[in-house]
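Engineer: Sharing a structure below in structure tokens format, with a few things to ask.
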Amino acid sequence: MDDSATRTDPAAVITYDPGAIERKWQRLWQERGTNSTDIQGATRPFYALMMFPYPSAEGLHVGNLFAFTGNDIYGRFQRLAGHNVFEPLGYDAFGIHSENYALKVGQHPMDLIPKNIANFRRQLERAGLMVDWRHTLSTTDPDYYKWTQWIFLQLLDRGLAYRKQAAVNWCPNCKTVLANEQVVGGVCERCKTPVEQRSLEQWFFRISDYAPRLLENLKHIDWSETTKTAQRNWIGRSEGAEVAFAANDAGDGSGCDIRVFTTRPDTIFGATYLVVAPEHPLVDSLTRSAERQKVNAYRERTKKQDLVARKTSTEKTGVFTGSYAMNPATRQRIPIWVADYVLMEYGTGAIMGVPGHDSRDFEFATEFKLPIVRVVCGERDDANAPLTEAYTQCDLGTMVNSGPLDGLPVEAAKRRIVEILAEQGTAKAVVNYRLHDWCISRQRYWGPPIPIIYCDSCGVQQVPEKDLPVVLPFVEDFKPDDSGVSPLARHEEWYRVACPECGGAARRETDVSDTFLDSAWYFLRYPSVGRNDVPFEKEITRKWLPVNSYIGGNEHAVLHLLYSRFITMVLRDAGHLEFEEPYTRFLAHGHIIREGAKMSKTQGNIVNPDEYIEQWGADAFRTYLMFLGPYEQGGDFRDQSISGTRRFLDRLFASVHAMSGEGDPDPDVMRKLHQTIRKVGDDISRLSYNTAIAAMMEYMNVLRKGERTPHRDEVQPMITLVSPFAPHLAEELWELTGNGRATGSVFDSGWPEFDSALAAEDSIELVVQVNGKLRGKVRVARDIREDEAVAAAMSDPTVARFASGTPKKIVFVPGRLLNIVV
Ligand SMILES: [Zn+2]
Ligand SMILES: [Zn+2]
């Protein structure tokens, strides 16, 4: 028989019921507007931003909550530190993920998305985030994407948006263009279909114009180093030279210059052939009639390949054009080839082949029996011995077989050859970037229509600002087809429109814009949500931006985080913003796994936050997520371990109920308390949440050692320390202890004062030896006298056993050591 109900354990009288407490406080926060930020009146604004989620049908992922909770703790801590914290959250609801899911389940995204958002909102509120829901947004709201379209026009006005025919990765199954990073191993990342290449007329943004600035500013912003490194590599600055090779210069009129970019101009004496990309505009004129059939077949073949495969393929293929060019350094004739390992997107679409010193060129020259010449030697190398592989080291190399460069180290040779060739007018020093322009067009339905109208008489026209938004129409047949055009192109009733210039019959652009454009500016919108006359209000923006703290995943290091920096710079240049870096501080959080394995739908091991919150409470769940490991690294979610975090909260709850105001607090406990206040504050400000929680748990052990009755002064500050992690429980205990009288929130109370005098260690561990052998350690006051130290040492039973009788001699080193000689 269970007799627990008949026991008279006082702690069992009131037990911690997180479900009831959390519902109560979520209701009170709502009623009292506790989480509403005074956007206009804030005197110490602090913008704590988290990356907004894509509202999937599955609901909130535990990874979302891990990220958001980390941001929420930081935001709540900043509020306790006296800031007016703004912590908004919205939805990144346009894009191919939503659209593909809608197609799969046979529902319309316009019906599906609002349902998903409602479910997300319910889950997010249940998790107890300090979100100001008055300022939420979805990128699919016409009130929002009106301004996404406006931003497109801002770029167009500044010559930063342009149309071009471009080779793109095409997924024949998803029927859309894919970015390079959406192609993995030659197949579509989403549906695993082999990717093809297509040539389409598309809109691009000139982000490459901003490459130097995007790179330079990385020096000044306070971001996770890993994120900055990823951006640096992505932008890919390289210094080199552009060299002109004269082709077919036989005076027959077919001559032209082929310009190549190289980062190794020093090796030009080893350039034994040229390669142009199959798409290079000069291919036609370079191809001699005898070779034309072969070259055309090769170009057709290349079109079927995806761009990623072309970059990573180890197989070297190519064809000779029949033409030659003159190497401006050696004055020798070298053959011109077409090969797919050269891409039009990078550099000039042509390279000089230096097989002696470039691995890809070495393979190519070996395959096609082209000459391989050594022009750089290491210390012990023979300048005339044949190479068995490309010699790519350059820091210790010296030039050989290179005429005027012979004997020079590589770096000096680079500078010298550019000077020499520049005098001849055949080369110039240039800086090149790997970053290429941003393709904006998507041949899909679920996005904001690009605000452009095509008129046969007037050409490309922008939709006048007064006509924005161009509303995405509800169409039943939103499934893309093989035509390569958007489903909107099947709807004449929508795309037939009067030309804004001449009033004649014209046609709307039927592509929609990339979802990364939606997310490139959402942080500007949050504070100004509700203002429909402007995208972001001037004074509000001045007060709240740039974002003080941004937290998100490092998988967004290059696309979203780079695009949003670019858009911010453009808006600043256009006079709409007064800053050019959107996020003062960015921190990349880690990821969590479960029981040692990556979570995935196919594995069936995804943590559903609802179940855990139901069982343990949102506060315990939040605290557990932050206790898993360092926030920047993530951790392993184990079902067994959450109970430990819950016990910690139970214990705090019980301690508040058991505490007494009688007598004085224990100085040792108070010392530990003040050390804990300092540590938790320091740790949270570094986002080191797991160590902050560990410190609070350690303090609870000291507080309740031997189930002692805690003093009120020893317990009260703990309510505030735990509040960023367990906000509902903290509010409840704050109210219970009389602090919450009227309608006060613990979050408006301020962080506990840390008293360094109380925290100071005024006692030390004194090492006690008897006849030079270690026999014990005693805790004594730092300034203890010799006779007191002996007495303290003798109170230790082990010491007393060895040191019985009168000591012959005492050696006392104050603060460190006592040696009793008997
Ligand atoms: Zn696909
Ligand atoms: Zn017109």
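The values are calculated or read from the model by the stated rules, or taken from the named source; none is laboratory data. Small disclaimer: the values here were computed from a predicted structure and weren't measured. Counting neighbours? That spans all protein chains shown, and the Cβs are built from the backbone with ideal geometry, glycine included. Just the protein is used for accessible areas: all its heavy atoms, side chains included, with ligands, DNA and RNA removed. Shrake-Rupley method; radii C 1.70, N 1.55, O 1.52, S 1.80 Å.
Engineer: Output the qualifying pairs, or none if there are none: Cβ atoms under 7 angstrom, residues six or more apart or on different chains, first residue in segment 480-505 and under 17 Å from Glu99 (Cα atoms), second residue more than 16 Å from ligand 2 (Cβ to nearest atom) and in a helix (DSSP H, G or I).
Structural biologist: Listed by first residue and then by second, the contacts come to Pro480/Pro487; Leu488/Trp494.
Engineer: Identify, by number, the condition in (1) within 16 Å of ligand 2 (Cβ to nearest atom); (2) among the β-branched types (Val, Ile, Thr); (3) touching a helix residue (DSSP H, G or I) at 6+ places or on another chain (Cβ under 7 Å) that Ile420 doesn't meet.
Structural biologist: Ile420 satisfies all of (1) within 16 Å of ligand 2 (Cβ to nearest atom); (2) among the β-branched types (Val, Ile, Thr); (3) touching a helix residue (DSSP H, G or I) at 6+ places or on another chain (Cβ under 7 Å) except (1).
Engineer: Give the number of residues within segment 655-699 that are part of a loop (DSSP other than H, G, I, E, B) and touching a Phe, Trp or Tyr at 6+ places or on another chain (Cβ under 9 Å).
Structural biologist: 2
Engineer: A further question follows. Does Val485 fit the bill of being more than 16 Å from ligand 2 (Cβ to nearest atom) and modelled with pLDDT under 95?
Structural biologist: yes
Engineer: Restricting to segment 194-227, count the residues that are in contact with a strand residue (DSSP E or B) (Cβ under 9 Å, 6 or more places away or on another chain) and either among the charged types (D, E, K, R) or within 21 Å of Phe478 (Cα to Cα) (or both).
Structural biologist: Adding up the residues that qualify gives 7.
Engineer: Also, I was wondering about something else. Being of a type in the set (Lys, Arg), open to solvent by 40 Å² or more (accessible area, probe 1.4 Å), over 25 Å from Met626 (Cβ atoms) and modelled with pLDDT of 95 or more: is that true of Arg23 here?
Structural biologist: Spelling it out, it is not the case that Arg23 is of a type in the set (Lys, Arg), open to solvent by 40 Å² or more (accessible area, probe 1.4 Å), over 25 Å from Met626 (Cβ atoms) and modelled with pLDDT of 95 or more.
Engineer: Looking only at segment 303-321, how many residues end up being modelled with pLDDT under 95 and farther than 30 Å from Val418 by Cβ?
Structural biologist: Number satisfying all stated conditions: 12.
Engineer: What's the number of the only condition in (1) open to solvent by 70 Å² or more (accessible area, probe 1.4 Å); (2) without any contact (Cβ under 8 Å) to a residue 40 or more places away in the chain; (3) not in a loop (DSSP other than H, G, I, E, B) that Glu363 fails to meet?
Structural biologist: Of (1) open to solvent by 70 Å² or more (accessible area, probe 1.4 Å); (2) without any contact (Cβ under 8 Å) to a residue 40 or more places away in the chain; (3) not in a loop (DSSP other than H, G, I, E, B), only one is false for Glu363: (2).
Engineer: If you don't mind, there's one more thing I want to ask. Take the residues in segment 506-553 that are of a type in the set (Val, Ile, Thr) and under 17 Å from the mean Cα position of the chain (by Cα); name whichever of them is most open to solvent (accessible area, probe 1.4 Å).
Structural biologist: Within segment 506-553, the match that is most open to solvent (accessible area, probe 1.4 Å) is Thr515.
Engineer: Has segment 773-787 got at least one residue that is within 30 Å of Met130 (Cα to Cα) and in contact (Cβ under 8 Å) with a residue 24 or more places away in the chain?
Structural biologist: Let us first name the residues in segment 773-787 that are within 30 Å of Met130 (Cα to Cα), namely none.
No.
Engineer: What is the number of the single condition among (1) touching a Gly at 6+ places or on another chain (Cβ under 8 Å); (2) modelled with pLDDT of 95 or more that Ala246 does not meet?
Structural biologist: Every condition holds for Ala246 apart from (2).
Engineer: Do we find a residue being away from ligand 2 (no atom under 16 Å from the Cβ), of a type in the set (Lys, Arg) and part of a helix (DSSP H, G or I) anywhere in segment 456-473?
Structural biologist: Taking segment 456-473 and keeping what is away from ligand 2 (no atom under 16 Å from the Cβ), we get 465-466, 468-473.
Then drop every residue that is not of a type in the set (Lys, Arg), which leaves 466.
In the following step, the residues that additionally are part of a helix (DSSP H, G or I) were identified as 466.
The answer is yes; a qualifying residue exists.
Engineer: Here's another thing I want to ask about it. Go through (1) open to solvent by 60 Å² or more (accessible area, probe 1.4 Å); (2) modelled with pLDDT of 90 or more one by one and return the number of the condition Thr287 breaks.
Structural biologist: Every condition holds for Thr287 apart from (1).
Engineer: Then there is this: Being touching a helix residue (DSSP H, G or I) at 6+ places or on another chain (Cβ under 8 Å), open to solvent by less than 40 Å² (accessible area, probe 1.4 Å), of a type in the set (A, V, I, L, M, F, W, C) and not in a loop (DSSP other than H, G, I, E, B) narrows it down to one residue among Leu200, Leu215; which is it?
Structural biologist: Residue meeting the stated conditions: Leu215.
Engineer: Moving on to the next point. Condition first: open to solvent by 30 Å² or more (accessible area, probe 1.4 Å), within 14 Å of ligand 1 (Cβ to nearest atom) and assigned to a strand (DSSP E or B). Now tell me which residues in segment 156-191 satisfy that.
Structural biologist: Residues satisfying the conditions are Val184, Val187.
Engineer: Would you confirm whether or not segment 382-392 contains a residue that is within 16 Å of ligand 1 (Cβ to nearest atom), part of a loop (DSSP other than H, G, I, E, B), touching a residue at least 12 places away in the same chain (Cβ under 8 Å) and crowded, with 17+ Cβ neighbours inside 10 Å? Break it down stepwise before answering.
Structural biologist: Taking segment 382-392 as the starting set, the residues that turn out to be within 16 Å of ligand 1 (Cβ to nearest atom) are none.
Among the residues of segment 382-392, not one is within 16 Å of ligand 1 (Cβ to nearest atom), part of a loop (DSSP other than H, G, I, E, B), touching a residue at least 12 places away in the same chain (Cβ under 8 Å) and crowded, with 17+ Cβ neighbours inside 10 Å, which makes the answer no.
Engineer: Output the helices (runs of 4 or more DSSP H) that fall wholly within segment 703-784 and possess 1 or more residues being of a type in the set (Val, Ile, Thr), or say none. Show your work before the answer.
Structural biologist: Values: elements: 712-722, 727-736, 756-759.
In segment 703-784, 712-722 are the helices (runs of 4 or more DSSP H) which contain 1 or more residues that are of a type in the set (Val, Ile, Thr).
Engineer: In addition: Only one of (1) open to solvent by 10 Å² or more (accessible area, probe 1.4 Å); (2) closer than 28 Å to Gln197 by Cβ fails for Gln461. Which number is that?
Structural biologist: For Gln461, the exception is condition (2).
Engineer: Sort out which residues of segment 765-783 are open to solvent by 30 Å² or more (accessible area, probe 1.4 Å) and either in contact with a strand residue (DSSP E or B) (Cβ under 9 Å, 6 or more places away or on another chain) or at pLDDT 80 or above (or both), and write them in order of number. Can you show your working first?
Structural biologist: Within segment 765-783, the first condition is being open to solvent by 30 Å² or more (accessible area, probe 1.4 Å), and the residues that meet it are 765, 767, 769, 771-775, 777, 779, 781-783.
Across segment 765-783, the qualifying residues are Glu765, Val767, Gln769, Asn771, Gly772, Lys773, Leu774, Arg775, Lys777, Arg779, Ala781, Arg782.
Engineer: Just the residues that are closer than 30 Å to Trp150 by Cα and among the hydroxyl-bearing types (Ser, Thr, Tyr), please, taken from segment 571-618.
Structural biologist: Residues satisfying the conditions are Tyr583, Thr584.
Engineer: Something else now. Given segment 516-629, what helices (runs of 4 or more DSSP H) lie entirely inside it while holding 1 or more residues that are aromatic (Phe, Trp, Tyr) and under 30 Å from Gln640 (Cα atoms)?
Structural biologist: Result: 609-616, 618-627.
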